[in-house]
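Enquirer: One structure is given below, represented as structure tokens, and several questions about it will come after.
The values are calculated or read from the model by the stated rules, or taken from the named source; none is laboratory data. Predicted model, so just to flag it, every value in this text is computed and none were measured. Virtual Cβ from ideal backbone geometry, glycine too; neighbours counted across all protein chains shown.
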Amino acid sequence: MFGKFLIKTKDASFFLVKWLVFFFLCILEQLYKLIFFIILIYKKKFGKNKKFTLKVISVGNLSVGGTGKSVFVQFLIQNIKNRNNSAKNQKSYIGAIVLRGYKGLNEKTGNSFLVSDGKKVFCNSDFSGDEAYMLASNLKIPIGVGKNRDKSCELLKNKINLDYVVLDDAYQNFDVKKDFEVLLLDATKPFENGHCLPAGYLREKDYSRADAIIFTHSDRVDNFYLEKFKKNKLKDFDKQKIFLAKHIPIGLYLENIHKVKIQKLKNKSFLIFAGIGSFKYFYEDIKSLSLNVVDVLKFDDHYHYTKYDLLKIIITAKESKLDGIITTQKDWVKVKSFFKDIDLQKKIQFYVLKVGFKFLNKNDFENFFDLLRCKLRLK
């Protein structure tokens, strides 16, 4: 009886401490919101907000962490190109992407750098950042990185004849005047816990600057919930400009090159690893392919792997007598350079899960691109 009392007392103490910590974080949140508001006003009134002759599309979110921006940016570029090339006598628009190059070595310099001119990639993922390198490898279009988006746009514009540029993760950036602002919200947690940093994961709560809002991972929640959220939380936003979408696994690729038939992998066992903000979606996508996942290694978002990390991953899989290792495209570009120094990798196969983006229905697809084309005055 006394033991149960001690357990209850410990539980009560734990929740009290937890509540006090959260209360303190909420106080800091108010300070954060005040500072953020002042900075935002300053940037709007006195920021560069440089205007370019080329069209500027911004893709961003309200929270820290992953909402699938890179996958959407890739989808956006591919479909702007495909839609304009599909019709006769229509101009083929030339686009590029600008990123900060988060956690890349170039980010520390503050300089703008051309990762790719659309034909050749000029650096590795350590220098440019994993997302920039992945996009440059997948899309074969010009990619620029740098802390100052206006300088990156200027760099691209001076070197390549462009019609438009996509700014990745730029909802809170005012270096460049934007022509179309896309805001991505994770349908499973649109406003997270409702709190800004450090009490929550929101950078801000203002969605009004967006020209379009897209709920990603909409297939993972009930439609009634989304309709209720739109009605209550986005009540002053044009519902015709809110779209539903999902991320879909495209397939597994042996060493990111050769697509493998999933049926051939059904009786095999795997280790999966990744250092991304939305690890649970990666795990769920693998499970949706009905593959046998035995070991899971989760790293921090944008993790900088070493040769010894890769060696540990391989040894873990071999000790468990697994048939292969699965990772994401962003993680693959960071570890592949170490393979030449590790002989053990020859005895185990590496697969890369490629993920795509898709609107939940054809109407949303058509309406979104009609809105984009109209706003940018693209014919």
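Enquirer: Which of the residues that make up segment 182-218 are part of a strand (DSSP E or B) and in contact with an Asp or Glu (Cβ under 6 Å, 6 or more places away or on another chain)?
Expert: Across segment 182-218, the qualifying residues are C196, L202, T216.
Enquirer: So, one more: Every residue in segment 119-167 that is among the charged types (D, E, K, R) and either in contact with a Ser or Thr (Cβ under 6 Å, 6 or more places away or on another chain) or surrounded by fewer than 24 Cβ atoms within 10 Å (Cβ to Cβ) (or both), please.
Expert: Those that are among the charged types (D, E, K, R) and either in contact with a Ser or Thr (Cβ under 6 Å, 6 or more places away or on another chain) or surrounded by fewer than 24 Cβ atoms within 10 Å (Cβ to Cβ) (or both): K119, K120, D126, E131, K140, K147, D150, K151, E154, K157, K159, D163.
Enquirer: Quick check on F229: is it among the aromatic types (F, W, Y), in contact with a strand residue (DSSP E or B) (Cβ under 9 Å, 6 or more places away or on another chain) and in the same structural domain as T188 (by TED's automatic domain parsing)?
Expert: yes
Enquirer: Return the residues of segment 146-181 that are basic (K, R) and in a helix (DSSP H, G or I); say none if nothing qualifies.
Expert: R149, K151, K157, K159 - these are the residues of segment 146-181 that are basic (K, R) and in a helix (DSSP H, G or I).
Enquirer: Pick out the one residue from S290, S320 that is polar (S, T, N, Q) and either on the phi > 0 side of the Ramachandran plot or free of Cβ contacts under 8 Å to residues at least 12 places away in the same chain (or both).
Expert: Values: S320 fails: either on the phi > 0 side of the Ramachandran plot or free of Cβ contacts under 8 Å to residues at least 12 places away in the same chain (or both).
Selected residue: S290, the only one of S290, S320 that is polar (S, T, N, Q) and either on the phi > 0 side of the Ramachandran plot or free of Cβ contacts under 8 Å to residues at least 12 places away in the same chain (or both).
Enquirer: Sort out which residues of segment 255-271 are surrounded by 11 or more Cβ atoms within 10 Å (Cβ to Cβ) and closer than 13 Å to L289 by Cα, and write them in order of number.
Expert: Restricting attention to segment 255-271, the residues satisfying the condition of being surrounded by 11 or more Cβ atoms within 10 Å (Cβ to Cβ) are 255-256, 259-260, 262, 265-266, 268-271.
If the condition is that a residue be surrounded by 11 or more Cβ atoms within 10 Å (Cβ to Cβ) and closer than 13 Å to L289 by Cα, then V260, I262, L265, K266, K268, S269, F270 are the ones that fit.
Enquirer: Residues that are within 16 Å of the chain's Cα centre (by Cα), at least 2 per element: which strands (runs of 3 or more DSSP E) completely within segment 272-379 meet that?
Expert: On the way: elements: 292-298, 324-328, 349-359.
So the answer is 324-328, 349-359.
Enquirer: Looking only at residues in segment 185-218 that are under 17 Å from K239 (Cβ atoms) and of a type in the set (A, V, I, L, M, F, W, C), which one is nearest to the chain's Cα centre (by Cα)?
Expert: L185
Enquirer: Please find, among Q240, Q263, the residue that is polar (S, T, N, Q), in a helix (DSSP H, G or I) and under 30 Å from Y225 (Cβ atoms).
Expert: It is Q240.
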